[in-house]
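A.B. asks: My questions will all concern the structure given below.
What follows draws every value from the coordinates through simple rules; no lab data is involved. Since we're looking at a predicted model, the values are computed, not measured. Cβ sites come from the backbone with ideal geometry, for glycine too, and all protein chains shown count toward neighbours.
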Amino acid sequence: MPTPHVLLVEDALAVDLAPLNLTRPTYELVCGGHSLIGLLAGRGIAPDVAPHAHLTAVARQRRRAVVEAGDFAEDIVDAPRLLINARLAPEPATLTRLLDAAAFAKNAVAAWDGETLAAAVIPATDGRSLVEQLRSRAIRWENLADDPCLGHAERIDLPGGLLRYPFDILSRHTTMLAAALAARVEADSTLIQRQDGLFVAEGAEVLPQVAVDSRGGPVVIDRGASVGPFTFFRGPVYVGSESTVNEHAALKDGVYVGRRCKVGGEIECAVISDFSNKQHFGFLGNAYIGSWVNLGAGTTNSDLKNTYGIVSVNVRGRKIASGLQFLGCMIGDYAKTAIQTAIYTGKTIGVASGVYGAAREDVPSFVNYPGSLAEATAIDPEIAITTMTRMYARRGRTPTAAEEQLMRDLFALTAGERPEMEMGLPR
């Protein structure tokens, strides 16, 4: 059977996952220990990608095969084509089901999450028709469901298969993380079991007096990571390569720490993306933290309302009930908090913003937010780039031209979030 040719496509609803996907395509967001593109890579598949326009240069920088409007490769007619909505939750069983459908299907297959198309299989024999149609118009996922190639497609139902809002990632994260870590422990013979439920990769260092409760899932410490003494883990927990867990930390119930992070204090059910720091005391719970974020000493988020009710969030001016009783903060890349910052339940902090005092409301991207101490002000993108350059230097890196331009583009893209803060700043 020919290997399916995979394309990941951003749809119009992906904007509701901001600010988490403002600086990265949705298929790179981590949920349950995986990203969608990472799952594909683990199976030896390098997909073509169709990210939102402002992320095209960054995607190319990451050596992705970027497909733009009307630009499909001719070779897709020689193999089945698997088109996947970039919002598909990265669950291995779901991906296996779609890849099998693509490998064995003689006719088109459409996978649906309710009324939204989650994925589509186009057999090789139907490929040229699709290529010709997509070359004549912009790539829009919303158009695909009406394509003649899917007119008589076999239907697959994937209820809840798509991520709709940022809190959807957290609602399924812990269960998926437990399964992902259990699968890795089973498959990776190089992991060393230091004590019951604690598995350590080559080159990682775990100092004495570490306590582990693995009843909810295993604890995996990846290559080159270090764990200080008197740390408590309650699984499932993953600590990424070259990351540091400070002494007396407590990581519990679904913590995922990316690579080259530094963490401490109390963390519960949280995703902390690559190169981010939460080194000091303070509570972080039911939260998603982007990359290159620094949380100052004492920063704490609330993840439970005083009324014990369901947490609602604001999404582009709409109040959305999350269905979750526990929901903390969602923070975009490059954001910073000062010491003793308090973040209220279910709040978002945008890209490259700085927060001081108490964040009682959502903080837009590129904003200095001093709480009740003063008026919020916009951050010039050139200042944000300077800060980014200094952060990168601490990790031996230099921003690329594409990353710098992305900051300028995002400042313009998010201008509507800061309607009264643009005086004297570039547009």
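A.B. asks: Note the angle between two axes, namely the Cα long axis of helix 401-413 and the longest principal axis of the Cα atoms of the chain, as a number of degrees from 0 to 90, rounded to the nearest 10.
C.D. replies: The answer is roughly 90 degrees.
A.B. asks: For residue 372 and residue 12, what does the FRET efficiency come to when R0 = 35 Å and r is the distance between their Cβ atoms, rounded to the nearest 0.05?
C.D. replies: The computed FRET efficiency comes out at 0.45.
A.B. asks: So what's the angle, to the nearest 10 degrees on a 0 to 90 scale, between helix 92-104 and the longest Cα principal axis of the chain?
C.D. replies: Taking the Cα atoms of the chain, the angle to 92-104 is about 10 degrees.
A.B. asks: If you don't mind, another one. Can you tell me the Rg and Dmax of the range 290-417, counting just the alpha carbons, in angstroms?
C.D. replies: 15.3, 48
A.B. asks: Decide, for the range 172-218, between rounded, prolate and oblate: order the square roots of the alpha carbon gyration tensor eigenvalues as a ≥ b ≥ c, take rounded if a/c falls under 1.5, and otherwise choose prolate if a/b is larger than b/c, else oblate.
C.D. replies: Oblate is the answer for the range 172-218, as a/c is 1.5 or above yet b/c matches or exceeds a/b.
A.B. asks: Nearest 5 percent is fine: what portion of the DSSP beta bridges confined to the chain is antiparallel?
C.D. replies: 25 percent
A.B. asks: Still on this model: Beyond 32 Å, how much of the Cα-Cα pair distribution for the range 166-417 remains, as a whole percent?
C.D. replies: So the pairs more than 32 Å apart make up 22 percent of the total in the range 166-417.
A.B. asks: Applying the Karplus parametrisation 6.51 cos²θ - 1.76 cosθ + 1.60 with θ = phi - 60° to the phi angles of the range 34-50, what ³J(HN,Hα) value in whole Hz is obtained for each residue in order, glycine and proline being reported as x?
C.D. replies: Coupling constants for the range 34-50: 10, 10, 5, 6, x, 4, 5, 4, x, 9, x, 10, 9, x, 6, 9, 10 Hz.
A.B. asks: A further question on this structure: Kindly write out, for the range 106-119 in residue order, the coupling ³J(HN,Hα) from the Karplus curve 6.51 cos²θ - 1.76 cosθ + 1.60 (θ = phi - 60°), rounded to whole Hz, with x marking Gly and Pro.
C.D. replies: Computed from phi, the couplings for the range 106-119 are 8, 10, 5, 10, 10, 9, 10, 10, x, 9, 10, 6, 9, 6 Hz.
A.B. asks: Strictly greater than 16 Å: what percent of every Cα pair in the range 153-266 meets that?
C.D. replies: 59 percent
A.B. asks: Could you grab the relative contact order for the chain? Cα pairs under 8 Å, six or more apart, rounded to a whole percent.
C.D. replies: Relative CO of the chain lands at 10 percent.
A.B. asks: To continue, here is another question. Reported to two decimal places, what Rg/Rh ratio describes the chain when computed on Cα atoms with Rh from the Kirkwood expression?
C.D. replies: Here the Rg-to-Rh quotient is 0.97.
A.B. asks: Expressed as an acute angle from 0 to 90° and rounded to the nearest 10, what is the orientation of the C-alpha long axis of helix 166-187 relative to the principal long axis of the chain?
C.D. replies: Here the helix axis deviates by roughly 80 degrees.
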